[in-house]
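Asker: Please read through the structure below; I'll follow up with questions.
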Amino acid sequence: MNRLFVGVTALVFVVGCGTPVPVDTLVEESNRGVALMGRFDYDGARTVFAQLLESHPDDPDLLVNLAIATLNRQAEGDETIAMQTLDRALELDSSNLRARYCRGLLELHAGEAEDALADFEVVVAADEQDPDAVYFVGQCLMQLERADEALEFYQKAIELDPYLRSAYYRAFQTLQRMGERDEAMATLQTFRKLENNPRGRLVEFKYTRMGRRGAAIPLGGTEVSSAIRPSGPVFDEPVALDRGRISWRAGSRTSKPEPSLSVCDINSDGLLDLFFAAAVDAEEFVSN
């Protein structure tokens with residue numbers, strides 16, 4: 001990809017070695033930069049990360065943090081600066097998935113779908129359980145007029161994270177385009193149903209919504225791979241209870257353990273499940 005580097009006078013890389021700072025101060029300042037990002041003070045966070053790079057110019061994660069702060073600041077020329085910064089991080093560590101992911105975001109945002117696809121495919125190959133990277137592969141494919149393939153990745157993203165509303169909406173659009181009206185409307189209905197669900201989320205070019213690899217991390221923070229989802233069903237097939245052998249427990253202050261009721265989506269199917277803890281007396285033991 002040919003990139004035009006216009007006259008950018010702002011700090012991008014500091015190649016000299018500044019005065020080393022104590023480790024405690026380094027960690028503290030790194031945490032402060034991440035906290036400023038959480039307050040959407042991108043300029044303040046960028047200043048912190050740039051100062052840390054004076055003494056640690058070859059730290060890829062600091063460079064990625066600086067790039068994330070820069071691209072979210074959205075001043076004139078910031079996307080070019082952020083791209084240069086990410087390129088530098090990948091020169092230092094080509095396996096840095098945060099740098100690869102964020103560069104893909106910038107490329108996709110700039111309409112460079114081929115380049116973005118190449119970066120997101122590297123991330124997905126290394127971590128196929130990342131629903132956000134899988135979703136963005138779908139986005140790239142859709143921009144490249146490869147609707148059938150895009151739909152597969154949207155559906156895979158939904159499988160990995162049933163609360164990823166963006167994937168439902170993009171799948172709806174793709175199905176409509178393919179003439180699959182009934183399936184499209186069913187997908188749209190799920191998208192709308194998740195609107196008021198606190199676990200429902202959107203992915204977009206905006207801090208806190210760019211996926212976990214699009215967030216600044218503290219110095220020394222480790223990038224945790226997405227949890228591997230166990231295979232097979234969460235629940236066994238339903239069975240009828242033998243009323244002669246069990247009875248509901250009556251709650252009281254002397255009940256040990258005391259019965260309780262929780263509401264949660266245990267099997268991630270988008271529906272709430274009722275979980276009764278210590279609610280059943282089954283012969284000589286207490287059961288859930």
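Asker: Would you order Arg100, Arg88 from fewest to most other beta-carbon atoms within 10 Å of each residue's own beta-carbon? Please list the in-between numbers first.
Answerer: On the way: Arg100 24, Arg88 20.
Ascending number of Cβ neighbours within 10 Å: Arg88, Arg100.
Asker: In whole Hz, with x marking every Gly and Pro, tabulate ³J(HN,Hα) for the range 96-111 from phi via Karplus 6.51 cos²θ - 1.76 cosθ + 1.60, θ = phi - 60°.
Answerer: 6, 6, 5, 5, 5, 5, 5, 5, x, 4, 5, 5, 5, 5, 8, x
Asker: In the range 97-221, how does Rg compare with the Kirkwood Rh, expressed as the Rg/Rh ratio over alpha carbon atoms?
Answerer: Answer for the range 97-221: 0.97.
Asker: Please give the net charge around Gln74, taking every other residue with its beta carbon less than 11 angstrom from that of Gln74, where Lys and Arg add +1 and Asp and Glu add -1.
Answerer: Neighbour charge sum, excluding Gln74 itself: -2.
Asker: I would also like to ask the following. From the phi of every residue in the range 47-56, what ³J(HN,Hα) in whole Hz does the Karplus formula 6.51 cos²θ - 1.76 cosθ + 1.60 yield, where θ is phi - 60° and glycine or proline is x?
Answerer: Residue by residue, the range 47-56 yields 4, 4, 5, 5, 5, 5, 5, 4, 9, 9 Hz.
Asker: Which distance in nm do the two modelled labels at Thr47 and Ala35 give, with both placed 7 Å along the Cα-to-Cβ direction?
Answerer: 1.6
Rule-based calculations on the coordinates, nothing more; no lab input. Predicted, not measured: the structure shown is a model, and the values here were computed from it. Cβ: placed from backbone, ideal geometry, glycine included. Neighbour counts: every protein chain shown.
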